[in-house]
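Below is one structure; the comments refer to it alone.
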Amino acid sequence: MNGKADDKAEKLMNAYYDYIGDQHLENICRDIEAREEEISRTKVPESLDGWFAQFITQYKQKQATRFFFNRLKIVSTKVAAVLFVLVASMLIVTLSVDAIRMKVFNLLLESNDTYSSVRVEEKTEVSIEWEKYYFPAWLPEGFRFGFANELKNVKIIEFTNDKNQFILFSQAMNGTELQINTEDGRQTTVEVNQQPAILSEKPGENILFWNNDEFSFCLSSEMDGVILIKIAESMKKK
Amino acid sequence: MILLLSTIGDEQTRNKVEEVYRLYRKLLYYTAYDVLKDYHEAEDVVQSAIIKICDHIHKFDDIKCNKMKGFLVILVRNLAINIYNQRKRRSDLNMDKLENVTNDDLNPEQYMLKIDNAEWVAQKLAQLNPEYADVLVLRYTYQFTIDEIACLMNLTENNVRVKLCRARKALQELLKGDYHERESR
């Protein structure tokens, strides 16, 4: 309560001092007016005028320099912001290219009762350095790239899943000999993208063989023939 | 465009300093000479005042107003008094007169009752010691900080505080005297 009263008293006093100050200023101005004639007769020395001319020139130069640096500071901040956006967008564009996306970091979040742990796991997707090859755009659920190998002009890619099942995909330029074990298998003619293909089916291993203008392909797996045809039809040239 | 506008704004501030000098150089020189009675010292004081004005000119919208004129007179007069005191190495007798001021404060209401007498109070205060009235104006009318006043008047911050305190006490003494005068009538 006392604090409030003191504050109010202080404000009142400040207002009073301000008022006295105003009166003092008025008195000064009245005094100047009374001496107006005397003041106007005053001769300011030339040396003072000279000093002022020099001073104001230097002052202007200083102000101009200060102004320039202030502007530079503001402009450089804006330029930095624009550059940041530019670099960030270039980075995003670069990272969106397939070749750079070869290594993807998966963020795995594991929840526990008392805490949550986060770890970053490096997942190798496809690391094939061949110049020209075909790669399936579709695979049965759970299958992922296992390894890739090239033997005597035959490029072999293996896909596996968690149940240790595999799909072996071989490809070679037309004219290259591909050896296929079709012993005891039932061979039928099927179509892959409206092109004739050979499907060999036997317990535990189905083989699909087909070709296009450039390459001959072979898919081998215990998976059903229909699935192999679907994989074959999804082949994309890399 | 922003650059151009800023240049114009800055140019106005610079022109203000030139305008102040053009309008008030005689007043500044006259005020300094009035205290010092020495042309060279008066010139030095005006130069210091101009340098100091540059830092505070942006606080004044209209340089032709009484507030600007009053400020310039207060600034030059105090700088001149400082030099005068240094020259003569004299102590301020007026200040000594107030050393034994009692702490029997008037309350704000009593001050407010005397508001119609403010012109007389200001006059008496300035007569007693112009520095007291000046420091009071700079602090409460112009709203300068203690630090700014110290810089303007070439004083230490402590010195400014002491002057302010003495100004307030001197004001109290004046008001008490006036109050007693009126009561005895």
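Some points to look at:
- Scan the range A:60-83 for residues that are more than 7 Å from chain B (Cβ to nearest Cβ), of a type outside the set (S, T, N, Q) and under 24 Å from B:Ile51 (Cα atoms) and the total you get is 5.
- Residue among B:Val35, B:Val73 that is part of a helix (DSSP H, G or I), more than 11 Å from chain A (Cβ to nearest Cβ) and under 15 Å from the mean Cα position of the chain (by Cα): B:Val35
- Failed condition for B:Leu79, given (1) touching a Lys or Arg at 6+ places or on another chain (Cβ under 9 Å); (2) assigned to a helix (DSSP H, G or I); (3) within 12 Å of chain A (Cβ to nearest Cβ); (4) modelled with pLDDT of 90 or more: (3)
- Subset of the range A:155-186 (residues that are out of contact with any Gly (no Cβ under 8 Å at 6 or more places or on another chain), farther than 20 Å from A:Leu199 by Cβ and crowded, with 16+ Cβ neighbours inside 10 Å): A:Lys155
- Residues satisfying the criterion are absent from the range A:42-59 (criterion: among the acidic types (Asp, Glu) and facing another protein chain (nearest Cβ under 7 Å)).
- Annotation note: Cβ proximity below 6 Å between a residue of the range A:6-22 that is more than 7 Å from every other protein chain (Cβ to nearest Cβ) and a residue that is in a helix (DSSP H, G or I) (sequence gap 6+ or interchain) occurs for no pair.
- So B:Tyr140, is it crowded, with 21+ Cβ neighbours inside 10 Å, more than 9 Å from every other protein chain (Cβ to nearest Cβ), of a type in the set (Phe, Trp, Tyr) and under 18 Å from A:Glu26 (Cβ atoms): no
- Residue within the range B:96-118 that is farther than 13 Å from A:Tyr17 by Cα, modelled with pLDDT of 80 or more and not hydroxyl-bearing (Ser, Thr, Tyr) present: no
- Of the strands (runs of 3 or more DSSP E) lying entirely inside the range A:120-238, those containing at least 3 residues that are of a type in the set (A, V, I, L, M) are A:154-160, A:166-173, A:195-202.
- Any chance B:Ile63 is assigned to a helix (DSSP H, G or I), at pLDDT below 90, on the phi < 0 side of the Ramachandran plot and of a type outside the set (Asp, Glu): no
The values are calculated or read from the model by the stated rules, or taken from the named source; none is laboratory data. Please read these numbers as outputs of a predicted model, since none were measured by experiment. Glycine also receives a Cβ, built like all others from the backbone with ideal geometry; neighbour counts cover every protein chain displayed.
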